[in-house]
Structure formats: C-alpha cells, structure tokens
Amino acid sequence: MLQLENVSLHYGAFRALHGVSLHADEGELVVLLGANGAGKSSIFLTASGLLKPSGGRIRLRGKDMTSAKPARWVQQGLVLCPEGRKLFPGMSVLKNLMLGAYVHRRDRKGNAKLLEEVFDLFPILREKKDQAAGSLSGGQQQMVAIGRALMGRPQALLLDEPSLGLAPLVVKQVLEVIQRINRAGTTVLLAEQNAYAALQIAHRAYVLEGGRIVMEGRREELLGHDAIRRAYIGA
Ligand SMILES: Nc1ncnc2c1ncn2[C@@H]1O[C@H](COP(=O)(O)OP(=O)(O)OP(=O)(O)O)[C@@H](O)[C@H]1O
Ligand SMILES: [Mg+2]
C-alpha cells in the first residue's frame, strides 16, 4: 500500500532521515517507535507529500508519488493526521470535520453518511458539533483530528502521536478506535510514544533512531525478546 524506499530528508544542511525504507501493506497496522527527535514526524510529513525527500522514492499502491502535490495524495487515499492536532480552534467541531472532506466536497451525500459514521465512532462529537473546537478537552480535540482525517476517506491513514498529552485511560480509548478503524479495512501507520500499548494493537513495528531504522519486526518478535523489549519498548 505505502512504501518508502531509501528516503532521505534534509532541513537545510541538517539531515533528518538517512535512507529510510519501510512499508505498510494493505490492511496492516504498523507502528513507528522512536525517541523525541528520532525523525517520526519527518517520515510522516515526507510520506504524505508535505515535505519533499532529498533522496529516495515513495510509492502508494505501487505508484510513484515522490513528486506529486499534497492534494493528489489525499485523492489517492492517503491521509495524514498530523502531530499536535492542527485544528482550527475558533471554528466549530462540524466545520473542522468537514474540512477533511474538502477533496470530496462534490459528494455531499457521501460526506453526510461518513459524518454519521464519525459521530457513531465518537458520540461526544455529535453533542458538541456546534461548539468551537478549541473549547473541547484534549482527548475530544484528538477525536476531532482523527475524525477529520477519516472524512478524507483514507485507504492509508498516517497518525502522528494521536495520544500525545492524553490521560492513560483516554490513550487506551484512542488506540481502541484506531484498531477498530484498521479492522474495518484501513491501512494504518502510527507513531506512538506509548510503545508497549501501541504494540498491543500493531501487526508490525519499526524502531527509528537518529533518522535511521534500527529494528523492525512483527509484534510477537519485538515483544518476545527481553533485550529488545527493555531497550526499545520499556516494558
Ligand atoms: N523544520 C525543521 N527545521 C530544522 N530541523 C528540524 C525541523 N523539523 C525537525 N527537525 C529536526 O529533525 C529531527 C527529527 O525531528 P522529528 O520532528 O521528525 O522527530 P520526531 O521523532 O517526530 O520527534 P517527537 O517525538 O519529538 O515528535 C530533529 O533533530 C529535529 O530537531
Ligand atoms: Mg514528532
């Protein structure tokens, strides 16, 4: 579904990604682990077309997307839910959600149906749909961010630290929703600081260090090695 081949990224003279290769196959839930500054967000921004790599290729369903414009990526079914939510705080919850549907704006019927599905997934958002997004709690704002991404009709959904700053119980709920979205057929690439909790719902994971992939494996492999668990997962 999504494939990064030997991707490098520079911010000016600083090289943030050093030849990263990774893939998420159709229907997979893949977790990206790594400390602060490891390059997780850099991968997400590059893998969604918002930053152009200085080397390497990105493919979506086999198609080379490396030089395609960001809107084209959404049309092709790849949607990013960025770190830090990036909502419009003064706009209503409903308007924030509908922004996610922008590239599908002509299909009003389809959007209305999808909106109902998002409200079924996050019932609290139905109650608060006319309130300013900035007035919601952190967890509720995260639901808006995920809901907005879903309105973009992703076949592949990139979630950059969706549980950042949330209470443990809310983290669990957010991860459960992500698992449900994945089980409904959406391919998911997820960055998480809560490595152990994220691995519980993952099929596979990559560990990133200093802009390089230093480890990859299936959930059972990573959880099954004591040394790996201690070094990278902290549980
Ligand atoms: N716009 C930028 N300009 C210059 N350097 C940047 C920029 N964005 C990120 N970096 C650098 O690139 C490296 C990777 O950053 P990135 O945001 O991808 O890490 P991350 O794994 O997402 O970290 P976190 O867990 O804190 O979100 C860091 O050293 C960071 O300082
Ligand atoms: Mg980040």
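The values are calculated or read from the model by the stated rules, or taken from the named source; none is laboratory data. All of these numbers come straight from a predicted model, not from anything done at the bench. Note that we place each Cβ from the backbone using ideal geometry, even for glycine, and neighbour counts take in every protein chain shown. These area figures cover heavy atoms from the full protein model, side chains too; ligands, DNA and RNA do not enter into them. Shrake-Rupley method; radii C 1.70, N 1.55, O 1.52, S 1.80 Å.
Here Pro89 meets each of (1) in contact (Cβ under 8 Å) with a residue 40 or more places away in the chain; (2) open to solvent by 80 Å² or more (accessible area, probe 1.4 Å); (3) closer than 30 Å to Asp64 by Cβ with one exception, condition (3). Consider the range 71-80 and keep the residues that are open to solvent by 20 Å² or more (accessible area, probe 1.4 Å), in contact with a strand residue (DSSP E or B) (Cβ under 9 Å, 6 or more places away or on another chain) and not in a loop (DSSP other than H, G, I, E, B). The one that is farthest from Gly147 (Cα to Cα) is Val74.
If the condition is being over 22 Å from Ile181 (Cβ atoms), surrounded by fewer than 19 Cβ atoms within 10 Å (Cβ to Cβ) and within 14 Å of ligand 2 (Cβ to nearest atom), then the range 21-62 contributes Ala35, Asn36, Gly37. A count restricted to the range 148-167 and to residues that are closer than 17 Å to Leu136 by Cβ and surrounded by fewer than 22 Cβ atoms within 10 Å (Cβ to Cβ) stands at 4.
For Gln142, the test of being open to solvent by 10 Å² or more (accessible area, probe 1.4 Å) and of a type outside the set (A, V, I, L, M, F, W, C) is failed. Name the single residue, out of those in the range 36-61 being within 13 Å of ligand 1 (Cβ to nearest atom) and β-branched (Val, Ile, Thr), that is nearest to Val74 (Cα to Cα). Residue satisfying both the conditions and the ranking: Thr46. One residue stands out in the range 21-35 among those that are part of a strand (DSSP E or B), of a type outside the set (Ser, Thr, Tyr) and in contact (Cβ under 8 Å) with a residue 60 or more places away in the chain: the one that is farthest from ligand 1 (Cβ to nearest atom), namely Leu29.
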